[in-house]
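The values are calculated or read from the model by the stated rules, or taken from the named source; none is laboratory data. Here the structure is a predicted model, which is why all the values come from computation and not from measurement. Virtual Cβ from ideal backbone geometry, glycine too; neighbours counted across all protein chains shown. Keep in mind that these areas ignore ligands, DNA and RNA; they rest on the heavy atoms of the full protein, side chains included. Shrake-Rupley method; radii C 1.70, N 1.55, O 1.52, S 1.80 Å.
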Amino acid sequence: MALFSVCAIDAWGQGDADPKDSRANLIAALREQGVELDFEVGAVSIAAEILERDGLLEYLLVGPRGAGHESLFGTQVGASAIHTAMLLMGFAPGANAQWIANPMGAQIGARRPSFDVLPPEHAAGAPGVHLYAGWRRGDEVYFYRIEDLIADLSTGAAMRRHGWVYLGSKEIPPRGDQPGGFAADLVGNLISVCFFAEGQTLATAALPECLDQTIWTANPWLLPERGQPVRFVLARAPVAAPSPALIALLPDLGAIAPTDNDE
């Protein structure tokens, strides 16, 4: 667990201070890091921007050090701060995808893999992560499930909606002159669309088809242009519509200029 997370959670649960004051201080500290918490809705939100709209996607969200050329969204918000907020919102790290050796498969031939892959699993009793992106254009609000913004080239449809699995990343030990630390901070890949054995992201998609790294791309028909800002939301349960507080956080991309048919 990242140092910021440990300190923040310990500060909330210890000492003689009023718990309400501690909670308010923690919310304020996370806000300074770029993270907004909505305990009523059960959601965490951060500022992000559109990165890759044309190529294949392996990641959904990355930081400045991450694989931006393979990610739909990027953010300047630190992974440690997001991790802290997710723990406070009640998320618990689940299990990453597992590759189980299949000797029989290897003997049968190259058409069958030598490993069986078990999809990621939620921690017992923990909620799945429901992901959204939103923005405004004047008075119009655009708020989408993340899966609707990702196309599955193998089916010609959007990614199937599901609860993504929270992994919570991991600590990387020091090696030689390289300092250790929180993997998602060091590597910069925060949420993965595909399965990766390293388990270094904060969260991952959990559909069996996410084993394939060659079928995912952005849905450009719904997305703003590359570089445009959005609000990225991680929620405990499906959000039917954004709250007024969340709408106030959505970036305004400006009204679309009317065409001749609109006038």
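So the values come out like this:
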read-out	value
Cross-chain or 6+ apart pairs with Cβ under 8 Å, region 202-216 first and in contact (Cβ under 8 Å) with a residue 12 or more places away in the chain and within 25 Å of Ile172 (Cα to Cα), then part of a loop (DSSP other than H, G, I, E, B) and of a type in the set (Gly, Ala, Ser)	Leu202/Gly168; Leu202/Ser169; Thr204/Ala97; Ala206/Gly128; Ala206/Gly163; Leu211/Ala97
Criterion: modelled with pLDDT of 95 or more and aliphatic (A, V, I, L, M) - qualifying residue of Ala101, Ala92, Ala110	Ala92
Any hit, region 195-206, residues being touching an Asp or Glu at 6+ places or on another chain (Cβ under 7 Å) and part of a loop (DSSP other than H, G, I, E, B)	no
Region 65-80 - residue that is more than 17 Å from Val230 (Cβ to Cβ) and in contact with a strand residue (DSSP E or B) (Cβ under 8 Å, 6 or more places away or on another chain) and, of those, surrounded by the most Cβ atoms within 10 Å (Cβ to Cβ)	Ala79
From the options Val117, Val141, Val165, Val129, residue that is among the β-branched types (Val, Ile, Thr), surrounded by 13 or more Cβ atoms within 10 Å (Cβ to Cβ), closer than 23 Å to Ala206 by Cβ and more than 16 Å from the chain's Cα centre (by Cα)	Val117
Selected residue (only one of Gly227, Gly176, Gly254 is at positive phi and in contact with a Lys or Arg (Cβ under 7 Å, 6 or more places away or on another chain))	Gly254
Test: Gln200 is open to solvent by 40 Å² or more (accessible area, probe 1.4 Å), within 13 Å of the chain's Cα centre (by Cα), polar (S, T, N, Q) and farther than 13 Å from Leu60 by Cβ	yes
